[in-house]
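Chemist: Below is the structure I would like to discuss, written out as C-alpha cells.
The values are calculated or read from the model by the stated rules, or taken from the named source; none is laboratory data. Everything numeric here is computed off the predicted structure, so don't read it as measured data. Ideal geometry is used to build each Cβ from the backbone, glycine not excepted, and the neighbour counts take in all protein chains shown. We work out accessible area using only protein heavy atoms, side chains counted, and drop any ligands, DNA or RNA first. Shrake-Rupley method; radii C 1.70, N 1.55, O 1.52, S 1.80 Å.
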Amino acid sequence: MIDVKALLDEMKASPFKVIDIVAPHTGVVEYVATEPGTCVFGARGTWREKPGTLLLNLERERNKKPVYAPLKGEIETAFKELDGTFVEAGTLLATIRHYLTKDEVIEAILKKTLYLFNAPEQAKYYFFPEVDTKIKASGPQSVKVHDGMELFIVSRMKREAPLVYSGPEGMIYAVYFKHNESIEAGTPLIGVCPEDQLSLIQDVVSRVQSEWEERD
Amino acid sequence: MDIEKRILSLTERLQYIKDIFGEKENVNVELLESKLADFNQRENGLSEEDQARQLAALEDLYVFLEKKLERELTAMDKVRIVRHPQRICLKDILENVYDNYTELGGEGEYNIDPSMLIARAYISRLVGGKVYNQPVMVIGQEKGHGEEFRNGGSVKPWGNAKALHYMKVAETENIPIHTYVFTPGSFPIEDYPGAAQQIAKNLYEMAGLTVPMIAVFSEGGSGGAEAVGLADVRLMLSHGYYSVISPEGAAAIEGRLRGGDRASAELIETCAQRLKMTADDNRAMGYIDRVIPEPALGARPEHYEFFKLLRSEVIGATDEVVLNVKGWRFFRAMTVQTRKKKKGANAEDIYVRWSLSAGARSRLAWRRYQRFRKMSLGAFIDRTPFNRKMERLMRETGWSIYSFFKYDFLRKHQKKISHVMEEIGSEIQVVKDRVAVPVRWVRETLALSSKQENIEETEKSLTELSCWDEDACDPGSGASYVSPQAREDYAVTCPNSATHGCKDLWAPDLFRDFGGVCSNCGHHFRMEYQWYMHNLFDYNSIFEFSRNVEAGNPLSYDGLDAKLEKAKAQTGLKSACITFEARIKHINVVCATLVGSFRGGTVGAAEGEKFVRACERARRKHYPLIAYVHGTAGIRIQEGVNGVIQMPRCTMAVRRYIEAGGLYIVVYDTNSYAGPLASFLGCSPYQFAIRSANIGFAGPGVIKETTGMDIPPNYHDAHLALSRGHIHGIWDRRELRANLHQALQTMGGRNLYYR
C-alpha cells in the first residue's frame with residue numbers, strides 16, 4: 001500500500017533539487033552571478049529562444065563562452081575561489097537550488113509509486129492499433145494491461161516487432177513517450193497502476209495540486 | 001432640436017481638433033473649448049432666437065479658427081489627421097467620386113483580404129448632350145471607420161496578390177486603373193506568397209502594365225504604398241503623408257530603442273519633420289505630380305465639395321495620361337493643359353476615350369519608364385567631371401550601336417549563312433569521306449598518326465606542370481584575399497554546437513581554409529564582400545564603373561552627413577553599392593553588390609542609380625546581370641522618399657533588362673530584408689541564397705512591434721524561404737563560383753552574348 005502522507009512529507013522536507021553547474025570544457029572562469037540566494041531563470045520564450053540568466057563565462061583560446069542557468073531557482077553556492085583560474089572540464093563551478101513545481105512533484109511521486117515499464121532497446125515505440133484508438137478516445141486509464149499482453153510495436157531500422165508487456169496487472173496511468181520519437185533504452189514507456197490503488201494515486205495528485213506551494 | 005444637432009456637431013469638431021493637436025497646448029483650441037463651454041452654460045437661459053444667433057457666431061468663430069489652425073499644422077499633426085478614424089477612406093471615395101461601383105473579391109468581412117478593396121467603377125460624363133459611361137478599376141487599401149477586420153489598411157500578401165490580379169484584368173479589358181493609397185505599411189508576414197515577394201511581383205508587373213494608372217496618396221507607408229502606387233500620374237491629398245517609415249519607427253531607430261521602449265513625443269515630432277513626408281515636400285522633390293487641396297484640418301466624409309474636386313482631378317489626370325500617348329489629341333491635349341491652370345474648371349467638359357490602341361499602349365509603358373528613370377537624380381552626389389560624363393555617354397551610345405549590329409542585325413543573317421554553310425559542309429564531308437578511303441587505309445596500316453599523337457601527349461604530361469585537382473587550374477582560385485578575421489589567433493564557437501555537437505573552430509582555419517564554413521554542420525559564418533570579389537570572379541578581371549556616384553544627404557537629415565563620412569572612411573567605399581564588370585570562368589558579367597558593412601547595406605538614391613546604370617550597361621552589352629547581396633537592411637530611412645522611389649525605379653530597370661532577354665540572377669548572403677527585397681531583388685526569376693542566410697520582409701523586432709506576434713527564431717531562415725518559394729535554391733559558399741557558372745550556362749534569355 002502507498003503511504004501518501006509519508007511520500008508527501010518526504011517531498012516537503014526537501015522541496016527542491018540541486019543542479020550542479022559544471023565546466024563544459026577547460027577554460028578560465030569568470031563569475032558573473034555569485035551571491036547566494038540570487039534568483040536565476042532558465043531559458044524562456046515560446047521557443048525557449050531567450051537564454052537563462054548568465055551565471056559565468058568560460059574563456060578558452062580567446063573564445064568567451066557564456067554559461068546560463070538551465071532552470072529557474074536561486075544560486076546556492078558559487079565557488080568564488082575559482083574566479084580567474086583555469087579549470088578542467090567537469091569541474092563543479094556552482095550549484096543552483098531549483099524549487100520543485102507541482103508538476104515536477106506529481107511526476108516524481110508517480111515515478112515512485114507506479115510500476116514503470118521500460119524500453120528494452122533504443123527504437124521508436126507505438127501502441128497496438130486497438131490500444132491506440134482506445135487511448136485516443138478515452139484516455140490511458142481506459143486500458144487494462146496484464147502480464148504477457150501484446151502492447152507495443154517496436155520499430156527500428158524499418159523492421160517492426162511486437163513487444164509483450166511484463167509486470168503487474170493494472171491500468172495505464174501515464175504514457176511517457178511520443179509517437180515518431182526515438183526512445184533510448186531504459187527510459188520508461190508507461191506507468192502502470194494496480195486497479196485498487198487508482199483512487200489512492202488520484203488522491204495524491206489532488207493533494208499535491210491543492211497543498212504544494214510553488215516558489216516564485 | 002436643430003440647435004442640439006448644431007451643438008453636437010460643434011462638440012465633435014472640437015474633439016477632432018483636440019485629437020489632431022494631441023498633447024500640445026494651443027491657445028486657439030483652448031479658446032474654442034471655453035467658448036463652447038460658455039455657450040453650453042448660458043444656453044438654457046436664452047431665448048431660441050438668441051441661441052440661434054449666438055450659435056451662428058460661434059460657428060463662424062470655429063470656421064475662422066480652423067483656418068487659422070490649418071496654417072499651424074506640423075508634419076506630425078498631418079500624420080494624426082491621416083490616422084484619425086474620421087478621415088475619408090476608400091469607401092467614401094467610391095460612394096462620392098464614382099457614379100456606380102461593384103466590389104470584387106468579396107465584400108466587408110467576407111473578403112480575400114478586407115484591407116485591400118477592389119471595385120469595378122463607372123464614371124459617367126455628359127458631353128455634348130451625350131452620356132459616356134467610362135469603366136475604371138479602382139484598387140486601394142481600405143482602413144474602414146473603426147472596422148477591426150480591415151486591419152487598419154495593412155495589407156496581407158494575398159491582398160496585394162488580389163490587387164495584382166485585378167490590375168491584369170483591367171489590362172485585358174483595356175480600362176484605366178485608379179489606385180488609392182491608404183496604408184500605414186504592409187503586414188509583415190512571410191506566409192505564402194510572402195509580403196516582400198508579393199510587393200516585388202506587383203512592382204514588376206505594374207512596371208509593364210499598358211493601361212493608364214493614376215495613384216492618389218493619402219497615407220503612403222513604404223512598401224505597402226509601393227504595392228499599388230507605381231503610376232503614370234501620382235496625386236496626393238494635401239494633408240496626407242508619403243514616407244519610407246512611420247515617424248515612430250524612425251524615432252525608434254534614431255533613439256536606438258529596443259525591447260518595446262517608446263520614443264519621446266518630441267523625438268517623433270522631429271523625425272516626422274526631418275523625413276519630409278508631407279504633400280508639399282513630395283511635390284517639391286518631384287515624386288508627386290499634383291497636390292489636391294483638402295478642406296481645413298483634413299477631409300472628412302461630409303466634405304462633398306472635396307469629393308467633387310477629387311473626381312475632377314482623377315478624371316483630368318486620366319485624360320492627361322491618355323492624351324499624351326494618343327495619336328488624335330491636339331486640341332484636347334491643349335485644353336487639358338490650360339484647364340490644369342484654371343481654377344474651378346471642370347474636367348468633364350471634354351470627352352476622351354480611355355481605351356488605348358496597341359501603339360499607344362507601348363508608348364505608355366515607355367513613358368512610365370522614362371518618368372521614373374528621371375526621378376531622384378539630384379538626390380546623390382556625382383563628382384564625375386563633365387568630360388568624363390560626355391565620354392560615358394558616347395561610350396554607351398557606341399555599345400548600343402555595336403550591340404545592335406553584332407547581336408540584332410548581324411546575328412539574324414549570320415544564322416542563315418551559318419545554316420547554309422553547315423549544309424554545304426555536311427555535303428562536302430560525305431564526298432571527302434568517300435575520296436579519303438584509300439588514304440585512310442594507308443595511314444591506318446602504317447599507324448603513324450596515332451603513335452605520333454600518343455608520343456606528344458606523353459611528352460606534354462611529363463614536361464608540363466599538372467593540375468592535381470580541377471580547381472587548381474581554375475583562373476579564379478588565385479585567392480589573394482585573406483579575411484582579417486583569420487589574422488587573429490582565437491577560437492570560434494559554431495552557433496549550432498548545442499544541437500549538432502560542433503567543436504570549437506580555430507579562426508585562421510575557419511576564415512581562410514574553410515571559407516567561413518563550419519566543418520561539422522556546414523554553418524556559414526559571415527565573410528567580407530572582398531572574399532567574394534576575389535574568389536568568385538576570375539583573377540584580376542574586375543573593372544568597377546560608376547565609381548563616382550556617391551551617397552549624399554538629400555533631405556539634409558540631421559547627423560546623416562557625419563554618419564556617411566564615417567561609413568565612407570571605414571569601408572573606403574562611396575556608397576553601399578559597388579557595380580563592376582567581371583568574368584566568371586571567362587564569361588563576362590555585370591555585377592551589382594550591396595555591401596552590408598556600409599550603413600547596413602541600405603539603399604538610397606546613389607545605390608539605386610548605380611543599380612539602374614548596371615542594368616542599362618548589362619542590357620547594352622548583352623551581359624548577364626548578377627545582384628550579389630552581401631547584406632541589406634532595407635531602404636535608407638534618412639533619405640525618405642528619395643530612398644523608397646528606388647524600389648519602382650530599379651524594378652523598372654530590371655524589367656527592361658529581363659524583357660530585352662537578359663539573365664538576372666540574385667544571390668543573397670547574410671541578412672537581406674525589406675525594401676530592396678520587396679522590389680528589384682525579389683522580382684528576379686532566379687534567386688539563390690548562401691546557406692545560413694536570413695531573408696525576409698521585416699525583422700523579428702518590427703514584426704513583434706507592429707503585429708504583436710511572436711515569431712520563431714528561425715522564421716527568416718533561407719531553408720524556410722526556400723520552402724515558401726521565395727528563393728529558388730540554397731548554395732554552399734564554397735561552390736558558389738561553380739554554381740554560378742552552371743547557372744550562367746543553363747539559364748537566361750535570348751540576348752546573352754555567349755549564346
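Chemist: Working from Cα positions, state the angle (0 to 90°, nearest 10) between the long axis of helix A:129-138 and the longest principal axis of chain A.
Modeler: Taking the Cα atoms of chain A, the angle to A:129-138 is about 70 degrees.
Chemist: What size of dipole, in debye to the nearest 20, comes out for the protein assembly as shown about its Cα centre when the only charges are +1 on Lys and Arg C-beta atoms and -1 on Asp and Glu C-beta atoms?
Modeler: It works out to roughly 5380 debye.
Chemist: Which longest uninterrupted range of chain B lacks any GluC sites (Glu not before Pro) assigned by DSSP to a loop state (not H, G, I, E or B) and surrounded by at most 13 other Cβ atoms within 10 Å? If you can, show how the numbers build up before the last one.
Modeler: Numbers: sites that count: B:Glu23, B:Glu25, B:Glu109, B:Glu302, B:Glu464, B:Glu488.
So the longest stretch without any such site is B:489-755.
Chemist: Turning to a different aspect of this structure: Go through B:Lys276/B:Lys341; A:Lys17/A:Lys112; A:Lys124/A:Lys158; A:Lys72/A:Lys102 and tell me which ones have a Cα-Cα distance over 18 Å in this structure. List each step's numbers first, then the result.
Modeler: On the way: B:Lys276/B:Lys341 26 Å; A:Lys17/A:Lys112 16 Å; A:Lys124/A:Lys158 10 Å; A:Lys72/A:Lys102 14 Å.
Where the Cα-Cα span goes over 18 Å, the pairs concerned are B:Lys276/B:Lys341.
Chemist: Near B:Lys416, which aspartates and glutamates are there with a Cα under 20 Å away, not counting those fewer than 8 places off in the same chain?
Modeler: B:Asp408, B:Glu427
Chemist: All other residues with a Cβ under 11 Å from the Cβ of B:Leu164 taken together, and with Lys, Arg as +1 and Asp, Glu as -1, what is their net charge? Please report the intermediate quantities before stating the final value.
Modeler: Details: positive: B:Lys162, B:Lys168, B:Lys201; negative: B:Glu171, B:Glu205.
Summing Lys and Arg as +1 and Asp and Glu as -1 gives +1.
Chemist: Along the Cα→Cβ direction, 7 angstrom out, place labels at B:Glu59 and B:Phe331. What is the inter-label distance in nm?
Modeler: Once both label points are built, they end up 4.5 nm from each other.
Chemist: Contour minus end-to-end for A:Lys80 and A:Thr38, with contour as 0.36 nm per residue of separation and end-to-end as the Cα-Cα distance?
Modeler: Working: separation 42, 0.36 × 42 = 15.12 nm, distance 1.46 nm.
Once the chain is fully extended between A:Lys80 and A:Thr38, it gains 13.7 nm.
Chemist: Moving on. Counting only residues 5 or more places away or on other chains, whose amide H sits under 5 Å from the amide H of B:Val216 once H atoms are built in the peptide plane?
Modeler: Close amide H contacts, sequence-distant or interchain: B:Thr179, B:Tyr180, B:Val181, B:Leu235.
Chemist: Nearest 500 deg cm²/dmol is fine: what mean residue ellipticity at 222 nm does the protein assembly as shown get from its DSSP H runs of n ≥ 4 alone, each adding -39,500 (n - 2.57), divided by its residue count?
Modeler: -12500 deg cm²/dmol
Chemist: Then there's this: Could you tell me how far the Cα centroid of region B:668-711 sits from the Cα centroid of region B:102-162, in Å?
Modeler: 29
Chemist: With each label point set 7 Å from Cα along the Cα-Cβ vector, what nm distance links B:Glu396 and A:Ala161?
Modeler: 7.6
Chemist: Something else about it: Enter the Cα centre distance for the pair region A:153-196 and region A:25-100, rounded to the nearest angstrom.
Modeler: 37
Chemist: What whole number of Å gives the distance from the Cα centroid of region B:587-639 to the Cα centroid of region B:34-86?
Modeler: So the separation of the two Cα centres works out to 53 Å.
Chemist: Using the Cα atoms as the points, what is the convex hull volume per residue of region B:83-374 in Å³? Could you put the intermediate results ahead of the total?
Modeler: Details: hull volume 40.8 nm³, N = 292.
With only Cα atoms used, region B:83-374 gives 140 Å³ per residue.
Chemist: Which entries of B:Lys566/B:Lys621; A:Lys50/A:Lys178; B:Lys406/B:Lys610; B:Lys162/B:Lys704 have Cα-Cα distances beyond 29 Å here? Please report the intermediate quantities before stating the final value.
Modeler: Details: B:Lys566/B:Lys621 36 Å; A:Lys50/A:Lys178 26 Å; B:Lys406/B:Lys610 26 Å; B:Lys162/B:Lys704 26 Å.
With Cα atoms farther than 29 Å apart: B:Lys566/B:Lys621.
Chemist: Could you work out what % of the accessible surface of the protein assembly as shown is carbon and sulfur, using a 1.4 angstrom probe and leaving DNA, RNA and ligands out of the count? Walk me through the intermediate numbers first.
Modeler: Numbers: 24950 of 47360 Å².
The value for the protein assembly as shown is 53 percent carbon and sulfur by accessible area.
Chemist: Leaving ligands and nucleic acids out of the surface, order B:Val442, A:Val145 by accessible area at 1.4 Å, largest first.
Modeler: Greatest to least solvent exposure: B:Val442, A:Val145.
Chemist: Go ahead and collect, in residue order, the members of region B:100-117 whose backbone nitrogen is under 11 Å from a label point 7 Å along the Cα-Cβ direction of B:Asn133.
Modeler: It comes to B:100-101, nothing else.
Chemist: Report the net charge of residues surrounding B:Val590, where surrounding means a beta-carbon distance below 12 angstrom and charges are Lys +1, Arg +1, Asp -1, Glu -1.
Modeler: Charge balance near B:Val590 sits at +4.
Chemist: Here is a further query. Whats the longest run of chain A with zero trypsin sites (Lys or Arg not before Pro) that are DSSP loop and have at most 12 other Cβ atoms within 10 Å?
Modeler: Longest gap between qualifying sites, sites excluded: A:63-157.
Chemist: If I take R0 = 45 Å and measure r between the Cβ atoms of B:Arg750 and B:Arg388 in this structure, what FRET efficiency does the formula 1/(1 + (r/R0)^6) give, to the nearest 0.05?
Modeler: Once the sixth-power term is evaluated, E becomes 0.85.
Chemist: Separate question: Keeping every protein chain in place, order B:Lys342, B:Lys18 by accessible area at 1.4 Å, biggest value first, i.e. largest first.
Modeler: The ranking, largest first, comes out as B:Lys342, B:Lys18.
Chemist: Let me ask another. For chain A, what is the Kirkwood estimate of the hydrodynamic radius, computed as the reciprocal of the mean inverse distance between distinct Cα atoms, to one decimal in Å? Could the numbers behind the result be given before it?
Modeler: Values: mean 1/r = 0.0491 Å⁻¹.
In chain A this quantity evaluates to 20.4 Å.
Chemist: With θ set to phi - 60° and the Karplus curve 6.51 cos²θ - 1.76 cosθ + 1.60, what are the ³J(HN,Hα) couplings of region B:682-695 in order, to the nearest whole Hz, using x for Gly and Pro?
Modeler: Rounded to whole hertz, the list is x, 8, 6, x, 10, 10, 10, 10, 7, 4, 6, 7, 10, 9.
Chemist: Also: Over the Cα atoms of region A:14-99, compute the convex hull volume and normalise it per residue, giving Å³. Walk me through the intermediate numbers first.
Modeler: Working: hull volume 7.9 nm³, N = 86.
With only Cα atoms used, region A:14-99 gives 92 Å³ per residue.
Chemist: A further question follows. Just tell me which aspartates and glutamates come within less than 18 Å, Cα to Cα, of A:Lys80; anything on the same chain fewer than 8 places away is out.
Modeler: Cross-link targets: A:Asp20, A:Glu30, A:Glu35, A:Glu59, A:Glu88.
Chemist: Using the Kirkwood formula over every pair of different C-alpha atoms, what hydrodynamic radius in Å results for chain B?
Modeler: 29.4
Chemist: For region A:1-106, run through the GluC sites (Glu not before Pro) and keep only the ones in DSSP coil with at most 12 other Cβ atoms within 10 Å of their Cβ.
Modeler: Of the GluC sites (Glu not before Pro), the ones in loops of region A:1-106 whose Cβ has at most 12 other Cβ atoms within 10 Å are A:Glu88.
Chemist: Using label points projected 7 Å from each Cα along Cα→Cβ, tell me how many nm separate A:Ser138 and B:Tyr110, to one decimal.
Modeler: 4.2
Chemist: Step through the residues of region B:404-419 one at a time and calculate ³J(HN,Hα) from phi using the Karplus curve (6.51 cos²θ - 1.76 cosθ + 1.60, θ = phi - 60°), rounding each to whole Hz and writing x for Gly and Pro.
Modeler: Each residue of region B:404-419 in turn: 4, 5, 6, 9, 8, 7, 5, 4, 4, 6, 4, 4, 4, 4, 5, 4 Hz.
Chemist: In terms of Cα to Cα distance under 17 Å, which aspartates and glutamates are near enough to B:Lys308, apart from those fewer than 8 places away along the same chain?
Modeler: Candidates past the 8-residue exclusion: B:Asp92, B:Glu95, B:Asp99, B:Glu294, B:Asp319, B:Glu348, B:Asp349.
Chemist: List the accessible area buried at the contact between A and B, summed over both sides and calculated with a 1.4 Å probe, in Å² to the nearest 100.
Modeler: Details: alone 12600 and 35580 Å², together 47360 Å².
Heavy-atom accessible area buried at this interface is about 800 Å².
Chemist: From the protein chains alone at 1.4 Å, what is the descending order of accessible area for B:Arg363, B:Arg120, largest first?
Modeler: Details: B:Arg363 110, B:Arg120 60 Å².
I get B:Arg363, B:Arg120, largest accessible area first.
Chemist: Convert each backbone phi in region A:164-169 into a coupling constant with the Karplus relation 6.51 cos²θ - 1.76 cosθ + 1.60 (shift: θ = phi - 60°), then list the ³J(HN,Hα) values in order as whole Hz, x for Gly and Pro.
Modeler: So the J values, rounded to whole Hz, are 9, 6, 10, x, x, 6.
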